[in-house]
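Heads up, the thing below is written out as structure tokens.
The values are calculated or read from the model by the stated rules, or taken from the named source; none is laboratory data. Being a predicted model, the structure only gives us computed values, none of them experimental. Reconstructed Cβ throughout: ideal geometry from the backbone, glycine too, with neighbour counts over all protein chains shown. SASA here: full protein model, heavy atoms, side chains in, ligands and nucleic acids out. Shrake-Rupley method; radii C 1.70, N 1.55, O 1.52, S 1.80 Å.
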Amino acid sequence: MDFQVVVLGGGVSKKLLPLVSQELPNALLPVANRPVLSYVLEYLELSNLKDLIVVVEGEEAALHVGAWISGAYADRLHVEVAAVPEDVGTAGAIRAISHHLTAQDILVVSGDLVTDVPLGAVAATHRRHDAVVTAMLCSAPVSGPSESASSGGKDKTKKPGRYDLIGLDPTKQFLVHIATGAEVEKDLRIQKSILPAVGQIEIRVDLMDAHLYAFKRSVLQEVLDQKSAFHSLKHDVLPYLVRSQLKSEVLFNGMPQAEENGTQKVISQSNQQMLSQILANASEPTFHLRHALGPYGFTSDRRTHKCCVYIAGSSKYCARLNSIQAYNDINRDVIGESSHLSGYSFSTQNNIIHPSAELGTKTTIGPHCMLGEGSQMGDKCSVKRSVIGRHCRIGANVKVVNSVVMNHVTIGDCCSIQGSVICSNVQLQERAIVKDCQVGAGFVVTAGSECKGEVLAKK
């Protein structure tokens, strides 16, 4: 697969505070005790894509990501880690490293994507249609869209869920409309030129843009050069390409699609013959081709480009770790129903207990649980549907349910943790009760505290 690959590793997202920091940027956030970026890198490796550019926002975050990749993948992958300024956005990140892009086609993958959708199918769709962009779509998350309000925190107002609003042509191969984020809540407006050309549009709200794109490099670079205000691939570049596909302004390999002949634009004879041959060979020509040729097959002033989609099957897993709710959901899934993604071998009890971990008497680790290397648990503890990291020290009579506990956490006797994320180096003193909370790294929860729906972090 001769695509050049760019992985957008992000930086330190405000939406993931207090889980992330300069020392633990988005890309290194642990999912089932592995950095989330490892899922992307191994996903690419399975498709024999081993020469990668990983773009990270912020110098310090890039250093941490680069150090981890060097240690984990030195003999397996060739990865160049590129640091870009913070908050440049996904379009800005590609713009900043565009001088490194030389291949005909570019794969852009979000560093927070966890999926088993076959990457080769996306690439094949892109090449088959000679598209300027191909976007992978998957089923929207059951727990709600990634931009919904995260669990926990003192603000109990539930924000309305925002799904992507996606318009497809009747063949479900081409993207003819996309609205994301706040645009979803506005009136649906379809361009006048699209509906007559397509015939009918299927509007979908059950699909999510997975932030995995195949781009024609020349077109992507041209758009980023000409549209300097574009900040996001998803919110700016993709909608622009979709809107303009029947009145294309982009150049292909530096050449416009139509030639000038006096005051009238005409399709060259060779192009006309090629298009006619495609029409003759195609059982159902695309609406782009019909629109370009016009009603008599000779209209010359219509330039088009194709925006394609690959829709993942419902049996495939696809999720992005871009909110705290998503973090909880993905950890749950990877040690649960989608355990094949974890890369671990589960026991006959359907859990993972590291050989070096120590359990007290009458302590139970239920199915869909993970206990990391070197961790110790006292007597009469109970763990259900949770991940516990490495080198944790857990006292007696502790209950952990539906939670993620990171590394080097100390939990005193008789504590209860439910529906929460406990970051590394946290101390929970005896009899502390934590429910639906996020506890930032190094925080101390004092003895006997009862915390519910709070974000606890150092000042």
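For the pair Thr410 and Asp206 in one chain, pulling the backbone fully straight at 0.36 nm per residue adds 69.3 nm over the alpha carbon distance.
Suppose R0 equals 30 Å; then what is the FRET efficiency for Ser232 and His340 from their Cβ-Cβ distance, rounded to the nearest 0.05? All intermediate terms of the calculation are to be shown ahead of the outcome.
Values: r = 32 Å, r/R0 = 1.06.
That pair, Ser232 with His340, gives E of 0.40.
Remark: segment 118-133, residue by residue, has Karplus-estimated 3J(HN,Hα) of x, 5, x, 5, 5, 4, 5, 4, 4, 6, 4, 9, 6, 7, 7, 8 Hz, where x stands for each Gly or Pro and the curve is 6.51 cos²θ - 1.76 cosθ + 1.60 at θ = phi - 60°.
Measuring only protein heavy atoms, the 1.4 Å probe finds Glu42 accessible over about 60 Å².
For the pair segment 39-78 and segment 1-21, the centres of their Cα atoms are 11 angstrom apart. The shape of segment 48-128 comes out oblate: with a ≥ b ≥ c from the C-alpha gyration tensor, a/c is at least 1.5 while a/b does not beat b/c. For Ser449, Ser386, the ranking by accessible surface with the largest value first comes to Ser449, Ser386, using a 1.4 Å probe. Rolling a 1.4 angstrom probe over segment 1-75 with all protein chains present gives an accessible area of which 52% lies on carbon and sulfur atoms.
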